Amino acid sequence: MNIATKPPANAPDVVENLLKARWSCRSFKPDPLPQDIVERILTMSQHTASWCNSQPWKLVVTSGKATEELRQKMHGRGMTNEPDDSDFPYPREYRGVYQERRRESGFQLYDAVGIGHKDMPARTMQALENFNFFGAPHVAIIHTEEALGVYGAVDCGLYVSSFLIAAQSFGVATIAQAAVARQSQFLHKHFDIGDDRRIVCGISFGWPDESHPINKYRTSRAKLADVVDFRR
């Protein structure tokens with residue numbers, strides 16, 4: 001393997017611009033991506049760091065009929081209120097600033113599409129769009145080795161971040177979805193994913209529908225002083 005050379009002088013600006021430009025898309029165009037772009041994103045993402053270089057992530061990536069079949073089945077299950085069966089426990093609760101940030105993001109979403117904050121039926125229908133993959137033509141299901149426990153899950157989280165930034169470099173929109181993992185047992189059966197694997201999340205991706213109002217808002221970010229404790 002070739003040893004990386006010194007990065008170009010503008011590399012920090014390129015990375016910073018990609019990080020700032022990345023956002024969670026909630027309305028996609030139906031047009032599929034060229035296969036070479038999909039494979040380039042996946043190849044770039046393979047450079048993700050991992051604990052002991054274990055590279056525990058594996059993916060199922062859908063296109064065309066495979067996406068439509070998955071969409072119909074998962075959205076149908078969501079409509080019938082199938083119980084959650086995630087391979088990983090969900091957060092016990094959101095407290096303090098984490099709850100405040102969660103609410104801010106949710107209210108921005110509802111305001112963008114004209115849903116009242118107390119309109120629970122409309123909020124429920126919007127939440128079900130997770131299982132419609134927001135109309136995306138492609139879905140990636142990320143899973144890890146069960147025996148690696150939390151470290152395997154953390155490594156997959158790093159991989160997801162790499163995937164999102166790699167996609168952004170092509171102008172491809174993405175949204176990482178923990179909600180997809182709520183139907184883990186179905187996904188195990190649907191894709192013949194072994195019991196020795198744990199489903200981490202899904203990523204819906206494709207070209208963004210920039211005309212849709214739900215794609216007009218952007219979430220805020222905490223100040224450095226709120227998250228970093230410098231010790232000298």
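The values are calculated or read from the model by the stated rules, or taken from the named source; none is laboratory data. Please read these numbers as outputs of a predicted model, since none were measured by experiment. All Cβ positions, glycine included, derive from the backbone under ideal geometry; neighbour counts span all protein chains shown.
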### Query
Scanning for something of a type in the set (Val, Ile, Thr), in contact (Cβ under 8 Å) with a residue 60 or more places away in the chain, farther than 23 Å from Thr144 by Cβ and surrounded by 12 or more Cβ atoms within 10 Å (Cβ to Cβ), does the stretch 53-65 turn up at least one residue?
no
#### Entry: Subset of the stretch 1-41 [closer than 19 Å to His212 by Cα, among the polar types (S, T, N, Q) and in a loop (DSSP other than H, G, I, E, B)]
Ser27
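From the list Ile165, Ile214, Ile175, Ile142, which residue is in contact with a Lys or Arg (Cβ under 9 Å, 6 or more places away or on another chain) and either within 17 Å of Gln55 (Cβ to Cβ) or aromatic (Phe, Trp, Tyr) (or both)?
Working: Ile165 fails: either within 17 Å of Gln55 (Cβ to Cβ) or aromatic (Phe, Trp, Tyr) (or both); Ile214 fails: either within 17 Å of Gln55 (Cβ to Cβ) or aromatic (Phe, Trp, Tyr) (or both); Ile175 fails: either within 17 Å of Gln55 (Cβ to Cβ) or aromatic (Phe, Trp, Tyr) (or both).
Ile142 is the lone residue from the list that is in contact with a Lys or Arg (Cβ under 9 Å, 6 or more places away or on another chain) and either within 17 Å of Gln55 (Cβ to Cβ) or aromatic (Phe, Trp, Tyr) (or both).
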## Note on the structure
Of (1) within 19 Å of Ser45 (Cβ to Cβ); (2) part of a helix (DSSP H, G or I); (3) in contact (Cβ under 8 Å) with a residue 60 or more places away in the chain, Gln183 fails just (1)
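Which residue, of Val97, Val60, is more than 19 Å from the chain's Cα centre (by Cα), of a type in the set (A, V, I, L, M) and at pLDDT 95 or above?
Val97
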#### Entry: Filter result for Ser27 (in contact with an Asp or Glu (Cβ under 6 Å, 6 or more places away or on another chain), modelled with pLDDT of 95 or more, under 27 Å from Phe186 (Cβ atoms) and surrounded by 13 or more Cβ atoms within 10 Å (Cβ to Cβ))
yes
### Query
If a residue has to be more than 23 Å from Phe191 (Cα to Cα), aliphatic (A, V, I, L, M) and part of a helix (DSSP H, G or I) to count, how many in the stretch 111-149 make the cut?
5
#### Entry: Index of the failed condition, Trp23 passing every other in (1) under 17 Å from the mean Cα position of the chain (by Cα); (2) free of Cβ contacts under 8 Å to residues at least 12 places away in the same chain
(2)
### Query
Within the stretch 131-185, which residues are out of contact with any Phe, Trp or Tyr (no Cβ under 8 Å at 6 or more places or on another chain), among the β-branched types (Val, Ile, Thr) and under 28 Å from Gly76 (Cβ atoms)?
Val160
### Task
Considering (1) within 16 Å of Trp57 (Cα to Cα); (2) buried (at least 23 other Cβ atoms within 10 Å of the Cβ); (3) touching a Ser or Thr at 6+ places or on another chain (Cβ under 7 Å), say which one Ala181 fails and leave the rest.
(2)
### Query
Could you say which residue among Ile214, Ile199 is touching a residue at least 40 places away in the same chain (Cβ under 8 Å) and either in a loop (DSSP other than H, G, I, E, B) or surrounded by fewer than 22 Cβ atoms within 10 Å (Cβ to Cβ) (or both)?
Ile214
